[in-house]
Structures are given as structure tokens and as C-alpha cells.
Amino acid sequence: MMTTETGATADPVHLEDSASSIMNKVQEITGEIPQKQLTVEDLRRMVREPVKRLVEAGRVLAVQEDQDGCRSARITLQDGQLYLHPLLRQPTPAHAHTLQESEVVGVLEPSCTLAFLDLGWAGSTRGRVTIRLTPDTPRARQFLLLCTGQRGHTYRNTKLFQVVDKGRPGERVRGGDYESNDGVGGAPLLPDLQGQYRESGQAGAVLAWGGLRGPRCAQFAIATRDRQVGDRWSCVFGDVVSGLDVVRAAVNHSDITEVTVVDCGVVLPL
């Protein structure tokens, strides 16, 4: 017999019960949400304390089935903000609550799409760079796909590989070669990247690299210094909203090719 905080007794758990039924009984006693009953709306609104506990325990994952099996993505809660990490082929924790990746990504509002890159070097993660994407451009949509891994490729574990105009106006750093990780590759994921892009000359601009056609169209650059007055970059599809100091620290590291995107993903609106 088990006794609850109110002194009432719960039904006994018999040894012959299946593992799933035992877990269900424990969930009834503790007030935890049973598996397969967690919804995307619960997650987005965080309306119940058990949802928060599940996320903090690493037991909520977004999953995607493909011809090679199942991939899953961690969902984490940090400083009151909900983050979706990239899809990976990894073991699913026991008693995990799973949601379809497409449903989770579907809660993203185009007007407030935020992506993140965690940069690290010298054996440790140095900080998170959060980028607000311009929602109606193909390059922004492609960047989102490479942060979530929905098409099988991701920016996770890719290097930054070049600093352009270091120490001068218009300084910027290149990255995003998910194929060869040296600046040679980075094929586009979308068939047509043409669109109406902004121009900017400000530090923090996230801009296309490799043009809108060709074999390197998944690469990007992040500006760390303003351009000279009157000069502007074209094909800008996002802006750094926090963590520009992390990018600048990476630029000043002795070897930019030692700087890695140790993790990436998107911010889920609450």
C-alpha cells in the first residue's frame, strides 16, 4: 500500500502489473501527466507545474520519423525561456513524453522567429548567440531548418572558419559549412533562395554568404563591426539580439577554426 500526503491510501501495485501500468499508477499518485497526454499547447503555455518539471527533467522530446527510423530533439527550459534543440539520432529516455517535431515547430510565429547558436572553444561552451530571423525570406527559412535539423543536416558541430576584415570596419565571421566544415561546402537545402532581402551596415547583421545560387548557399556571416558610413551589406536575413559579445570574443580567439557551434536550435514562444 502507498499513502499520499493527505493520508489516503492508493491502490496497491502488484508485481504482475506491466511496467507501463506501474508507471501510470505512480503518475496518478504524484499528479504527473501520463504519457501520451502532454500536448503542444501545454508545452507552449506551460500552464501546469508538472509540465515544467517534466521539461526540467529532460523528459520532453520532439520526434520525427523518417525512412531510417526515429530522431529526437531535446526541449529545455532556461531562464524562463523554452528552447528546441536539433533533431539527432539518440536513445529516447525511459518514460519520455514525445511530441511530433512538426507540431512543436508549428507554434513558432513567423513574426518572432528566434534561432540560437551556442559557441565554444578551448574545451568549453562560451555563450549563446540569439538571432531574430527575417520571417519572409528563404535564407531565414533555410537557417531555421539547419538549426532544427528537420532536413537531416544541422549547424551543430560546425566550425567558424574565417574572419573577414579583422580589426576594420565591416568585420565579420563566416560559418555554416555543414558538409565539409572548411568553407568549401554548404549546399542549399531549398531549391530557390531568391527573395526580398534587407540591407544593413550595422554590427550584428546576419547575412548570406556564397550568394543565392551555387554550392555554398547554406553558409552565413555575422557582422561584428559596423561598416563605414554609407556602406551596407545586401542579403541580410537576421540580426543578433543577444550574444554579440560572444561572437566578438570568438573573432579575437587565436584561431577562428577552433570555434565550434556546439549546439543550436530555436526559441519556442511561451
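Details
Results for (1) farther than 18 Å from Leu144 by Cβ; (2) not small (Gly, Ala, Ser), shown as yes or no for each residue.
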| position | (1), (2) |
| --- | --- |
| Asp182 | yes, yes |
| Arg198 | no, yes |
| Gly201 | yes, no |
| Leu244 | yes, yes |
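- Residue count for region 184-223, restricted to those that are acidic (Asp, Glu) and either at pLDDT below 95 or in a loop (DSSP other than H, G, I, E, B) (or both): 1
- Inside region 149-168, residues that are part of a loop (DSSP other than H, G, I, E, B) and within 15 Å of Asn252 (Cα to Cα) make up a count of 4.
- Single unsatisfied condition, Ala187 versus (1) under 30 Å from Ser72 (Cα atoms); (2) touching a residue at least 60 places away in the same chain (Cβ under 8 Å): (2)
- Any hit, region 119-139, residues being aromatic (Phe, Trp, Tyr), under 22 Å from Phe237 (Cβ atoms) and modelled with pLDDT of 95 or more: no
- Filtering region 97-126 to residues that are open to solvent by less than 70 Å² (accessible area, probe 1.4 Å) and either part of a helix (DSSP H, G or I) or on the phi > 0 side of the Ramachandran plot (or both) leaves Glu101, Val104, Val105, Cys112.
- Scanning region 224-261 for residues that are at pLDDT 95 or above, small (Gly, Ala, Ser), part of a strand (DSSP E or B) and open to solvent by 30 Å² or more (accessible area, probe 1.4 Å) yields a single hit, Ser242.
- Only residues that are hydrophobic (A, V, I, L, M, F, W, C) and open to solvent by 30 Å² or more (accessible area, probe 1.4 Å) were counted in region 162-182, giving 1.
- All positions within region 159-199 that are within 14 Å of Arg141 (Cα to Cα) and among the hydrophobic types (A, V, I, L, M, F, W, C): Leu189, Leu190, Leu193
The values are calculated or read from the model by the stated rules, or taken from the named source; none is laboratory data. None of these values were measured; they are calculated from a predicted model. Every residue, glycine as well, gets a Cβ built from its backbone with ideal geometry; the counts of neighbours run over all protein chains shown. Calculation scope for accessible area: heavy atoms of the full protein, side chains included, ligands and nucleic acids excluded. Shrake-Rupley method; radii C 1.70, N 1.55, O 1.52, S 1.80 Å.
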